[in-house]
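S.K.: Here you go, one structure.
The values are calculated or read from the model by the stated rules, or taken from the named source; none is laboratory data. In this text the structure is predicted, and so the values were computed from the model without any measurement. Reconstructed Cβ throughout: ideal geometry from the backbone, glycine too, with neighbour counts over all protein chains shown. Remember, those area values only see protein heavy atoms, side chains included, never the ligands or the DNA or RNA. Shrake-Rupley method; radii C 1.70, N 1.55, O 1.52, S 1.80 Å.
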Amino acid sequence: QVQLVESGGGLAQAGSSLRLSCAASGRTSRNNAMGWFRQAPGKEREFVTFIRWIDGMTYYADSVKGRFTISRDNAKNTVYLQMNTLKAEDTAVYYCAAGEFYSITRSTRPDNYNSWGQGTQVTVSS
């Protein structure tokens, strides 16, 4: 089981930037994928991005493509989400998740992941 600890959330103005961190500990699996999801009040949990750990392959939701960047630090066993040009609709609780990579499509679904962080609030004001 992988334990995930998130940090970096907070209040930001529209157009500004914010960086989230997710530190992983415990046993990791082969073909591991690390994903970011977000959930606004009254909404379903939404896929944001994921990275395949073994080679750094990434994939983004259309809503964040060109603005958000996911990256990893192998030495620190940490994944980051750099969020630029923030919009009010980015306001949500952001969750880091860990699971196996099977396909791009499966890695966009929450049920592909078996470990989750507690979430960090991101609020963007206009």
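S.K.: Does any residue of segment 14-27 turn out to be of a type in the set (Ser, Thr, Tyr), touching a Lys or Arg at 6+ places or on another chain (Cβ under 6 Å) and touching a residue at least 60 places away in the same chain (Cβ under 8 Å)? Show your work before the answer.
M.R.: Of all residues in segment 14-27, those of a type in the set (Ser, Thr, Tyr) come to 16-17, 21, 25.
From what's left, touching a Lys or Arg at 6+ places or on another chain (Cβ under 6 Å): none.
No, segment 14-27 has no match at all.
S.K.: Scan segment 49-64 and report the pairs whose first residue is free of Cβ contacts under 8 Å to residues at least 60 places away in the same chain and charged (D, E, K, R) and whose second residue is open to solvent by less than 20 Å² (accessible area, probe 1.4 Å) and not in a loop (DSSP other than H, G, I, E, B), with Cβ atoms within less than 6 Å and a gap of 6+ or a chain change.
M.R.: Listed by first residue and then by second, the contacts come to 52/33.
S.K.: Scanning segment 22-52 for residues that are of a type in the set (Lys, Arg) and open to solvent by 30 Å² or more (accessible area, probe 1.4 Å), which turns out modelled with the lowest pLDDT? If you could, list the steps in order and put the result at the bottom.
M.R.: Residues of segment 22-52 of a type in the set (Lys, Arg): 27, 30, 38, 43, 45, 52.
Pick out the ones that are also open to solvent by 30 Å² or more (accessible area, probe 1.4 Å) and you get 27, 30, 43, 45, 52.
Details: 27: 72, 30: 75, 43: 96, 45: 97, 52: 96.
If we take residues in segment 22-52 being of a type in the set (Lys, Arg) and open to solvent by 30 Å² or more (accessible area, probe 1.4 Å), then 27 is modelled with the lowest pLDDT.
S.K.: Can I ask one more? For residue 80, are the conditions met, namely being outside any loop (DSSP other than H, G, I, E, B) and open to solvent by less than 10 Å² (accessible area, probe 1.4 Å)?
M.R.: Details: outside any loop (DSSP other than H, G, I, E, B): yes; open to solvent by less than 10 Å² (accessible area, probe 1.4 Å): no.
Answer is no for this residue.
S.K.: Could you tell me how many of the residues in segment 53-65 are open to solvent by 80 Å² or more (accessible area, probe 1.4 Å), in a loop (DSSP other than H, G, I, E, B) and not hydrophobic (A, V, I, L, M, F, W, C)? Spell out the reasoning first.
M.R.: Within segment 53-65, the first condition is being open to solvent by 80 Å² or more (accessible area, probe 1.4 Å), and the residues that meet it are 54-55, 59, 62, 65.
Okay, now just the ones that are also in a loop (DSSP other than H, G, I, E, B), so 54-55, 62, 65.
Add one more test, that the residue is not hydrophobic (A, V, I, L, M, F, W, C), and what stays is 55, 62, 65.
Final tally of qualifying residues: 3.
S.K.: OK, next. Only residues in segment 88-111 that are closer than 16 Å to residue 29 by Cα count as the first member; pair them with residues that are modelled with pLDDT under 95 and of a type in the set (Val, Ile, Thr), Cβ under 6 angstrom, at least 6 apart or cross-chain, and list the lot.
M.R.: Short answer, once both residue conditions are applied: 98/2.
S.K.: Which numbered condition trips up residue 69, out of (1) more than 15 Å from residue 12 (Cα to Cα); (2) more than 14 Å from the chain's Cα centre (by Cα)?
M.R.: Only one criterion in (1) more than 15 Å from residue 12 (Cα to Cα); (2) more than 14 Å from the chain's Cα centre (by Cα) is unmet by residue 69, namely (2).
Every residue, every condition in (1) open to solvent by 50 Å² or more (accessible area, probe 1.4 Å); (2) modelled with pLDDT of 95 or more, yes or no:
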| site | (1), (2) |
| --- | --- |
| 14 | yes, yes |
| 20 | no, yes |
| 70 | no, yes |
| 76 | yes, no |
| 86 | no, yes |
| 91 | no, yes |
| 96 | no, yes |
| 111 | yes, yes |
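S.K.: Can I ask one more? Mind listing whichever residues of segment 100-109 are within 14 Å of residue 47 (Cα to Cα) and open to solvent by less than 50 Å² (accessible area, probe 1.4 Å)?
M.R.: Once the filter is applied, which keeps residues that are within 14 Å of residue 47 (Cα to Cα) and open to solvent by less than 50 Å² (accessible area, probe 1.4 Å), segment 100-109 yields 107, 108.
S.K.: Within segment 113-126, count every residue that is open to solvent by 40 Å² or more (accessible area, probe 1.4 Å) and more than 20 Å from residue 41 (Cβ to Cβ).
M.R.: Adding up the residues that qualify gives 1.
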